[in-house]
Amino acid sequence: MSAPSTEPPDTRGRGGSRLVRRLLVLEIVTVVLTAVIAGGVSAWSTRETIERDAVDKVLAVSVALAASPGLADAVVARDVPRIQAAAEATRAGTGVSFVTVMDPAGTRLSHPEPARIGETYQGTFLPAAGGATLVETFPGTLGLSVRAIVPVLGADGIVVGMVAAGQLRVQVADRIARELAVLALAAAVAIALGVGLAWLAARRVKRDTLGLEPHEITALHRHHEAVMAAMREGLLVLDADSGRVVVLNAEAARLLGLPATLAPSRAAGPTLDELGVDPALRERLADRSPVTDETMLVGERLLLVNRAEVAGPAPDLVVTLRDRTELEAMTRELDDARSVTRALRFAAHEHANHLQAVSTLIELGAQDDARDLAQRWTRDLLDAGDGAGDGDLRDRLADPALAALVLDKATDARDRGLALRIGEGTALAAADTGDDQASTDRVTVVGNLLDNALDAALESAHDGRGGGVVELDLHVEDGAVVVRVADDGPGLADPEAAFTPGWSTKHAEEGRRDGRGLGLALVRRVVDRRGGSVEVGAGEDGRGTVFTVRLPISPRPAQSPVDSPAASR
């Protein structure tokens, strides 16, 4: 099974994807709008912050100078040089545009331009002269400025002067401009990064969607679901690294006995171990050797398994499962039909000879001899020669399918030169037959055991070490159907290994997996499901093999039973 290609289809002739273009435009518009809105909010907030900082600064400078020691005495004494020196030192140290000290009448006692000392202060000062603090924006001699005016109080608490500190609006605007330039640069970088990332995201979307439009993706998904549901093969896709189930169709879930509500996922899907899948299948899939049309016993089903590994960034294991259970059952029925056909041809030939002899006796007038001969041959025909006649066996085994199976095996044994002996105690009453599944399970167990016993007896007979005899005894004991099958074959060197899937006394080609060695494994699984037991031992004289199986009449209420073929060893 060749690995499927992982290359995306050629979409160069599609003219681009409208989905990708729309996503790209949407992302770019979103990035630009976000950057513009965020920049505008930041600019407004920055401007307000700078304005508040300017007010707080001039107010703090005015309050600090007004409360400085000796300033009130200097104002009362009108010591202009001292006041001018203190005001200029404060202005230089704080970075404000101007610091002006005045008397209660508004006459300047200091100014950044000494020529203006003695002039009346330009601006509102009367509230400060009355003892209040004032903050305003006013166009003074130096230009438009934000200023704070506070009173200077004497020792007796009387206003003796005022201090005004101001910051020119030009300086505030310059600071705002610098901050906004930084914000604008940051917004431009954000827009550029956003557009670049949007373009990369659009390319990733285009690659991941193979350039398909939304309606095309929807259609593909619907087609995928329809194909998965319609497939008669089980499809199982596993993550090669984690072993998690990525894809699982309904047929694979049915064949593996998994719940239909299982949710495959590369990130959180369950593993085969967590799902309790048959250990033999898990072990085979974990092996890196090729898996091509291999027959495996999974539960009680015969599955044809293929596995291919798909390489890529996330390698996957693609597993297909085909159910060979019904095919094996039909093959078995066909073999049985061929056996019956051979027996009928043999019987027809014998009938012709017998009728010719009877006809000759009648022509010779020996009617009594002809009648006796016909009756004797009829008894011989009905007698299986192995302990039970045809009609007698059907009466003793109330399960028609089981009776037909035993008769067919007896016919097959005679054709192969073997003897299938039915024990005198073999019987199954109608009250002990159970349901259809119980009948199917008995046919599976008895059919596989007889097939293996006949093969072993034939091998021993060919080697001259045995007489080619197989014995079957079936009866009810302590609420269970007991099946005993014995042969005079070469025996089993390792009885426990005989129940391992793939084990067989028929030597297959080296490395070949041809579906042999499934019969006894299937017997063990049927017995385990029904809560029964299997015992293996040697015959009374130490030769051959004896299988004793107990199948409780009432099956154990566990997993739902599965029809399965009686696969040969």
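Brief remarks follow.
- Relative contact order for segment 172-277, counting Cα pairs under 8 Å that sit 6 or more residues apart, in percent: 16 percent
- For SER554, the solvent-accessible surface computed with a 1.4 Å probe is close to 90 Å², ligands and nucleic acids excluded.
- Solvent accessible area, Å² - ARG178, 1.4 Å probe, full protein context: 140 Å²
- Length-normalised contact order for segment 149-212 - Cα pairs under 8 Å, 6+ apart - percent: 16 percent
- Span from the segment 434-482 Cα centroid across to the segment 216-265 one, whole angstrom: 40 Å
- Derived scalar couplings ³J(HN,Hα) [segment 153-162; Karplus, 6.51 cos²θ - 1.76 cosθ + 1.60; whole Hz; x for Gly, Pro]: 9, x, 5, 8, x, 8, 5, 10, x, 9
- Only Cα pairs under 8 Å and 6+ residues apart enter the sum, and on that basis the relative contact order of segment 90-169 stands at 30 percent.
- Over segment 122-182, the hull volume per residue, using the convex hull of the C-alpha atoms, is 82 Å³.
- Peptides 63-70, 421-428 ordered by average Cβ neighbours within 10 Å, highest first: 421-428, 63-70
- Exposure rank, largest accessible area first [TRP44, TRP199; 1.4 Å]: TRP44, TRP199
- Cα gyration tensor category, rounded, prolate or oblate, for segment 267-307 with a/c compared to 1.5: oblate
- For segment 43-88, trypsin sites (Lys or Arg not before Pro) are listed when DSSP marks them as loop and at most 13 other Cβ atoms sit within 10 Å of their Cβ; the list is ARG78.
The values are calculated or read from the model by the stated rules, or taken from the named source; none is laboratory data. Just so it is clear, the structure is predicted and the values come from calculations on it, not from any experiment. Virtual Cβ from ideal backbone geometry, glycine too; neighbours counted across all protein chains shown. Accessible surface is based on the protein model in full, side chains and every heavy atom, while ligands, DNA and RNA are left aside. Shrake-Rupley method; radii C 1.70, N 1.55, O 1.52, S 1.80 Å.
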